[in-house]
Amino acid sequence: CDIGSFSHSLYLPFSLLCPSFLSLKTLERHSQFCCIVNSQRELVISQRLLRMAPLRGILNLQKVGAVQRHFDKWGAGGSRLFNTQAASTSNTPQAPPPPPPPEKTHFGGLKDEDRIFTNLYGLHDPFLKGATKRGDWYRTKDLVLKGADWIVGEIKKSGLRGRGGAGFPSGLKWSFMPKVSDGRPSYLVVNADESEPGTCKDREIMRHDPHKLLEGCLIAGVGMRATAAYIYIRGEYVNERLNLEKARKEAYKAGLLGKNACGSGYDFDVYIHYGAGAYICGEETALLESLEGKQGKPRLKPPFPANAGLYGCPTTVTNVETVAVSPTILRRGPEWFASFGRKNNSGTKLFCVSGHVNKPCTVEEEMSIPLKELIERHCGGVRGGWDNLLAVIPGGSSVPLLPKHICDDVLMDYDALKAVQSGLGTAAVIVMDKSTDVVDAIARLSYFYKHESCGQCTPCREGTGWLWMIMERLKVGNAKLEEIDMLHELTKQIEGHTICALGDAAAWPVQGLIRHFRPELERRIQEHAKRELLEAEKRGLLEATA
């Protein structure tokens, strides 16, 4: 490259290209001049300057960048904009894109700063003064003013799934509500009828963090364009109802609920209703029937509650925990929430662990934590050690149990438990050691579902009774081997053939027992047959001697 002739042809002094005389301001002034000349010369100088920078060390990269920035500026101002990217790309080696972050392989060990429920154990004031110190109701007005579409969009991004058992994507469920009113009001109904054996997570929220639930009702209600929320509490939860009622009065008095909630211009009311002990009222449409003053019996679908729910109006029924976490997700961002757990199983989760562990507890942990780590880290391990474990019901009484060899490695999330033919459910972990009569335990659950059936569907009404009677006979071995297969076929006739999921909930524990503990059932039948034979021989001998 002939530097002298090149600079002379463009009327540029040699000092522009000489490093000892070159200053950034000088370079900027001359770059402005270069943009006035014709586009061909602009292209020539840009290409040659950029080529000379790496070859001869005449220009450093900072000054070359200044030329390019001012060329872009003048081009936008009216002169022809030329492209230096091709020259830069063709002559300067480009750095490869950064590799994606490594996929997370270990889950669990949630840090205290990442916990949503910071008063889970009731160590602090559960009411408004203490709640505001812990961050509840902080700039809630700003969240409300961002509107329904933004709220639902953020919940979708977070990957939040329903915490009541089904695991349906919450943002998608909330979006089913009508976006334009047809004159009917829309309602949010919070299902606090926590009646499943082994499940006790929602009561801790209502007892120790009631304002988190109330704030969540407002946020979720705005996202659904609802005008009011109804919280349906289990009738036996007396203390929880009293605490929640007191917190509700505080929120109304402070202007956080009611007319112009939080000063946002949005009117939103919260009502509290308590049930009378029926397990079936935990089913969403039976709950709506109970709220309307009718018998708690599930409705046929369609119509779905989002179209015709409470009082025939658009309604979404959702779980206490699902609603309570929503304000924190919006404040800290959906990316933060989605960073916990595996893909499609994101967030933190309340796990209530009971049964044969050294320290039963309810704990907030990361989704996808290994079951073994959950029990040993937070519950002091299985009574008698991990090797003394017999089986675990991982998600409340309605999901199939898992034997020890599966519990060794299984993760606590929706997809992992589904892969081993069980479910996360309500995340109520029931631990059974080797002292447990597992057949008796499942027989007791069969009686529970028989007792709680509303009787509306024949497969459930009749089938649950037969399940219990056969299980009672299998408990003592008073059956034939072929009855095991008959029992399994009976569960298949119940599963999927009822209006609601209570029939499935009754069938799945029995299916899990047959799947994993069939040898135990066969052993009892064979031992009972031997005892019957010995007794018959004794009776025969006695008759002969007589």
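What follows is calculated from the coordinates using simple rules that are stated; it is not laboratory data. Everything quoted here is computed from the prediction, not taken from an experiment. Neighbour counts are summed over all protein chains in view; Cβ atoms, including those assigned to glycine, are modelled from backbone coordinates with ideal geometry.
Descriptive notes on the structure:
- Table column - 3J(HN,Hα) (Hz), region 311-328, Karplus curve with 6.51, -1.76, 1.60, x for Gly and Pro: 6, x, 9, x, 9, 10, 9, 9, 7, 4, 5, 4, 5, 5, 7, 5, x, 5
- In this simple spin-label approximation, Lys434 and Asn344 carry label points 7 Å from Cα along the Cα→Cβ vector, and these lie 3.8 nm apart.
- Proximal lysines to Lys450, defined as alpha-carbon separation beneath 26 angstrom and excluding residues fewer than eight positions away on the same chain: Lys201, Lys294, Lys297, Lys301, Lys418, Lys475, Lys480, Lys492
- Cα shape, region 112-338, gyration tensor, a/c 1.5 rule: rounded
- Unit Cα scatterers, Debye sum, region 289-329: log10 I(q)/I(0) for q = 0.19, 0.26, 0.32, 0.35 Å⁻¹: -0.67, -0.92, -1.08, -1.14
- Added length on full extension, which subtracts the Cα-Cα distance from 0.36 nm per residue, Ile272 to Leu541: 89.8 nm
- Distance from region 427-488 to region 401-426 (C-alpha centre basis), Å: 21
- Gap separating the Cα centres of region 230-266 and region 146-217, nearest whole Å: 16
- The smallest convex shape that holds all Cα atoms of region 368-506, its convex hull, gives 115 Å³ per residue.
- Here Lys133 is the anchor, and the lysines within straight C-alpha reach of less than 19 Å, apart from those fewer than 8 places off in the same chain, are Lys141, Lys212, Lys246, Lys249, Lys253.
- Cα gyration tensor shape of region 439-527, rounded if a/c is under 1.5, else prolate or oblate by comparing a/b with b/c: prolate
- Three-way shape call for region 272-397 based on the alpha-carbon gyration tensor, with the a/c threshold at 1.5: oblate
- Region 131-146 - phi-based ³J(HN,Hα) in whole Hz, Karplus 6.51/-1.76/1.60, Gly and Pro as x: 5, 5, 5, 8, x, 6, 6, 7, 6, 5, 4, 4, 5, 5, 5, 6
- Percentage relative contact order, region 307-413, counting C-alpha pairs under 8 Å, at least six apart: 18
- Taking amide H positions as modeled 1.01 Å from N, with prolines and chain starts lacking one, the residues under 5 Å from Gly355 and 5 or more places away or on another chain are Val431.
- Alpha-carbon centroid distance for the pair region 358-391 / region 294-328, whole angstrom: 33
- Net charge, Leu350 excluded, C-beta distance under 9 Å - Lys, Arg +1, Asp, Glu -1: -2
- Rounded FRET efficiency, nearest 0.05, which uses the C-beta distance separating Glu522 from Arg184 and R0 of 51 Å: 0.30
- For Ile369, the residues whose amide H sits under 5 Å from its own are Met412, ignoring neighbours fewer than 5 places away on the same chain, with H placed 1.01 Å from N.
- Derived scalar couplings between HN and Hα for region 447-456 equal 5, 4, 6, 4, 5, 8, 5, 6, x, 6 Hz in order, rounded to whole Hz, by the Karplus curve 6.51 cos²θ - 1.76 cosθ + 1.60 (θ = phi - 60°), x for Gly and Pro.
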